[in-house]
Amino acid sequence: LADIHLKHGGVSFYRDHILPFLIAQAMRDPELVPYRRRTIAKAHGRVLEIGVGSGLNFPHYSSAVESLVALDPSAKLLTYAGREARRTGRAVALIEADVEDIPLAAASLDCVVSTWTLCSVPRLGRALAEIRRVLKPGGDFLFVEHGLSVDAHIQRWQRLLTPVWRRISGGCHLDRAIDRELMASGFSLVDIARGYATGPKVATFFYEGRARPV
Ligand SMILES: C[S@@+](CC[C@H](N)C(=O)[O-])C[C@H]1O[C@@H](n2cnc3c(N)ncnc32)[C@H](O)[C@@H]1O
């Protein structure tokens, strides 16, 4: 029994403390900053950021943003995000919540923002339906994500590695075709850029753009 308890305790300690620390460190990569800057610069009006992590996008929001709500299921990452909000002077309402069940009213937001979050959401279709629900008609979903490469040999590695990788990385899938998933969930792609960033090709095929509910 003690062994079982220790094993389970170890898993939740990893998930609740070690993993958030590793995510916060990894996401500080300076290579990601231009992607953050371009994506966040487009946000305006009433904005929701999903999977806010440690709040690394806060410095990039412009004065076109009237209000910012940011959610994440990780209490630890929200603590880091709170610190970042105070450091940058960004007014933001932080909520511990899941994008699959957004605690906000339908058609209440001008923009939803996601930077490298859709890879980790367990039920992507449900998350995208929720994003559609909270966006006003004509609202923008602004995103930069990593996902399925266009190269067959990289795709093979992405599909092979995902079952193992997701177990140690907080549920991250390497093999999601973000553009196809958006269209299948009733979004039209207003603009989209796809290509490799620097780093291992299995994790750096990026999708960057803007989508709108059809
Ligand atoms: C790779 S990190 C990216 C963090 C942040 N967006 C950034 O750009 O630094 C993935 C984030 O997605 C969050 N996440 C995972 N599952 C989620 C879910 N179901 N709903 C909302 N956020 C989720 C994680 O807690 C984590 O903060």
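Read the figures in this text as sums done on the coordinates, not as results from a lab. Being a predicted model, the structure only gives us computed values, none of them experimental. Reconstructed Cβ throughout: ideal geometry from the backbone, glycine too, with neighbour counts over all protein chains shown.
When both bridge partners sit in the chain, DSSP labels roughly 45% of those beta bridges antiparallel. A simple packing score, the average count of other Cβ atoms within 10 Å per residue, orders the peptides 102-109, 52-59, 195-202 as 52-59, 102-109, 195-202, with the highest score first. Between the C-alpha center of segment 139-210 and that of segment 98-125 there is a gap of 16 Å. Selection among L182, H153, C172 by position relative to the dipole of segment 97-214 gives H153 as farthest towards the positive end (Cβ unit charges, Cα centre). Among L182, L32, L174, the largest mean-square fluctuation in a Gaussian network model of the chain (Cα springs under 10 Å) belongs to L32. Where the convex hull is taken over the Cα atoms of the chain, what is its projected area averaged over directions, in nm²? Here the figure is 12.2 nm², rounded to one decimal. Taking only the Cα atoms of segment 100-156, the radius of gyration and Dmax are 13.5, 43 Å. Residues I18, I50, I154, ranked from the fewest to the most other C-beta atoms within 10 Å, line up as I18, I154, I50.
As a proxy for reagent exposure, ranking M27, M183 by other Cβ atoms within 10 Å from fewest up yields M183, M27. Across the alpha-carbon set of segment 112-214, the Rg to Rh ratio works out to 0.97, Rh being the Kirkwood radius. A cut-off of 5 Å between modelled amide H atoms, ignoring neighbours fewer than 5 places along the same chain, links E49 with V69, A70, L71, V113.
Placing +1 on each Lys and Arg Cβ and -1 on each Asp and Glu Cβ, with no other charges, gives the chain a dipole about its Cα centre of roughly 180 debye.
Quick one: grab the alpha carbon gyration tensor of segment 19-82, order the square roots of its eigenvalues as a ≥ b ≥ c, and give me rounded if a/c is under 1.5, else prolate or oblate depending on whether a/b is larger than b/c. It comes out oblate by the Cα gyration axes. Here the residues C119, C172, ranked from fewest to most Cβ neighbours within 10 Å of their Cβ, fall in the order C172, C119. The count of lysine pairs in the chain whose Cα atoms are under 30 Å apart, excluding pairs fewer than 8 places apart on the same chain, comes to 5.
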